[in-house]
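So the structure is just underneath, and the comments pick up after that.
The numbers here are math on the coordinates, done by the rules we state, and not lab data. All figures in this text were calculated on a predicted structure; none of them were measured in a lab. Backbone-built Cβ (ideal geometry, glycine too); neighbour counts: all protein chains shown.
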Amino acid sequence: MTSAKKILISACLMGQPVRYDGRANDDKVAHLQTVIQRWQSERRVVVICPEVAGGLPTPRPAAEIRLGHVIASDGQDFTAAFESGAQKALTLAQQHNVAAALLADRSPSCGSREIYDGEFSGRLIPGQGLTAELLSQHGIPCFGPATFDELLDFLNE
């Protein structure tokens, strides 16, 4: 039944101030609020911030993936926290039998199609964040606000 499909959504997209800079990303989905609110009323939304779930504070230094590690702008290695958060997101998704995920674009956790290049240059490259990659490996397709129409198509299959 299509209406029963649950969706894992990044907490920042739901208005929670959990981004690295202490802000939310709900402005990225403002044009999608009608659909997201309907999903919430239908109890289909499962919310997580993998970075916070992995033990990182808010705010925290910006981070990017470089040579298989998640490195903060101040040089700290955040890989273990990002891996832990990704695993917690997967566990939560499996517990709730989610069909798909709506994640924050370009994030080293949640980027579903592209991420920053790891050099803090502002340049984007094809790739996935750690959470998006782990969810995808376990059969949970990941979408971002820019590919929301694809998510809707997927959920209506």
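For segment 1-87, the equivalent ellipsoid derived from the Cα gyration tensor has semi-axes of 28, 15, 10 Å, listed largest first.
Please state the relative contact order of segment 17-72 as a whole percent: Cα pairs under 8 Å, 6+ residues apart? Could you put the intermediate results ahead of the total?
Values: 36 pairs, mean separation 24.7, N = 56.
Reported relative contact order: 44 percent.
Under a Gaussian network description of the chain, with springs only between Cα atoms under 10 Å, the residue in THR79, THR34, THR91 that fluctuates furthest is THR34.
Tell me the GluC sites (Glu not before Pro) within segment 4-101 that lie in a loop according to DSSP and have at most 12 other beta-carbon atoms within 10 Å.
Working: sites: GLU42, GLU51, GLU64, GLU83; in loops: GLU42.
Those satisfying the criteria are GLU42.
Sequentially through segment 127-141, phi angles give Karplus couplings (6.51, -1.76, 1.60; θ = phi - 60°) of x, 10, x, 4, 5, 4, 5, 5, 4, 4, 4, 9, x, 9, x Hz, Gly and Pro residues having no value and appearing as x.
Converting phi to 3J(HN,Hα) with the Karplus coefficients 6.51, -1.76 and 1.60 and the offset θ = phi - 60°, segment 111-124 yields x, 9, 10, 8, 9, 6, 6, x, 10, 6, 8, x, 7, 9 Hz in sequence order, with x at every glycine or proline. Radius of gyration over Kirkwood radius for the chain, both on Cα atoms: the Rg/Rh ratio is 0.95.
When every Cα-Cα distance of segment 59-133 is counted in 5 angstrom steps from zero, the calculated P(r) takes the values 4, 17, 26, 26, 15, 8, 4, 1 percent. Of the trypsin sites (Lys or Arg not before Pro) found in segment 1-104, those that fall in a DSSP loop while having at most 12 other beta-carbon atoms within 10 Å are ARG43. For segment 2-155, averaging the sequence separation of C-alpha pairs within contact (under 8 Å, six or more residues apart) and dividing by the residue count gives a relative contact order of 23 percent.
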